[in-house]
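The structure follows.
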Amino acid sequence: MRTRTCLEVFCQYKTGANDEVFVAGQVVNISRGGLRILSCQRMEPGTPFRIGIADGNDGLFTLLMARVVYIAPAPGGQWFVGCTFTPKLREEILVWMQSIGREE
């Protein structure tokens, strides 16, 4: 079951030329299996990437692994990026992410 949230994240992946790309985005919904990110940059389906989530104001962050499943146009020239977690998200991580998203 997906839940709506509002959570700022950054994504990091490598291109075919082995260049690292950093993309900021906003998680709009999440489940243990995946999430949907609103991003200003298109990411191709099948792309594996890391998602960084800030752990409060102390400068620490959590990294999660995911893979792009689909891409869809969003308003304002942005993109909805549908992702699956690899591996599936633990329940306590999901609860933590949902609680951060409610605070914003």
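How big is the dipole moment of the chain about its Cα centre under a simple scheme where the beta carbon of each Lys and Arg is +1, that of each Asp and Glu is -1, and everything else is neutral? Debye, nearest 20, please.
460
Can you give me the long-range amide H partners of Thr86? Hydrogens built in the peptide plane at 1.01 Å from N, cutoff under 5 Å, separation of 5 or more residues or another chain.
Met65, Ala66, Arg67
Another question about this same structure. Putting +1 on Lys and Arg Cβ atoms and -1 on Asp and Glu Cβ atoms, find which of Phe10, Pro87, Gly52 reaches farthest to the positive end of the dipole of the chain.
Pro87
Turning to a different aspect of this structure: Would you tally the net charge around Arg36, using a Cβ to Cβ cut-off of less than 15 Å, leaving Arg36 out, and scoring K and R as +1, D and E as -1?
Neighbourhood net charge equals +4.
Let me ask something else. Roughly what angle does helix 91-103 make with the longest principal axis of the chain, taking Cα atoms, 0 to 90 degrees, to the nearest 10?
90
Another question about this same structure. Ignoring ligands, DNA and RNA, please state the percent of accessible area on the chain from carbon and sulfur, probe 1.4 Å.
The nonpolar share, carbon plus sulfur, comes to 55 percent.
Another question, then. Between Pro73, Val23, Ile100, whose Cα lies farthest towards the positive end of the dipole of the chain when Lys and Arg beta carbons carry +1 and Asp and Glu beta carbons carry -1, centred on the Cα centre?
Pro73
Right, something else. Above 15 Å lies some portion of the pair distances; for segment 1-96, what is it as a whole percent of all C-alpha pairs?
Roughly 59 percent, once rounded to a whole number.
The values are calculated or read from the model by the stated rules, or taken from the named source; none is laboratory data. Since the model is a prediction, treat every value here as computed from it, not as a measurement. When we count neighbours, we look across all protein chains shown, and the Cβ atoms used for this are built from the backbone with ideal geometry, even at glycine. Surface accessibility is based on the protein's heavy atoms, side chains included, excluding ligands, DNA and RNA. Shrake-Rupley method; radii C 1.70, N 1.55, O 1.52, S 1.80 Å.
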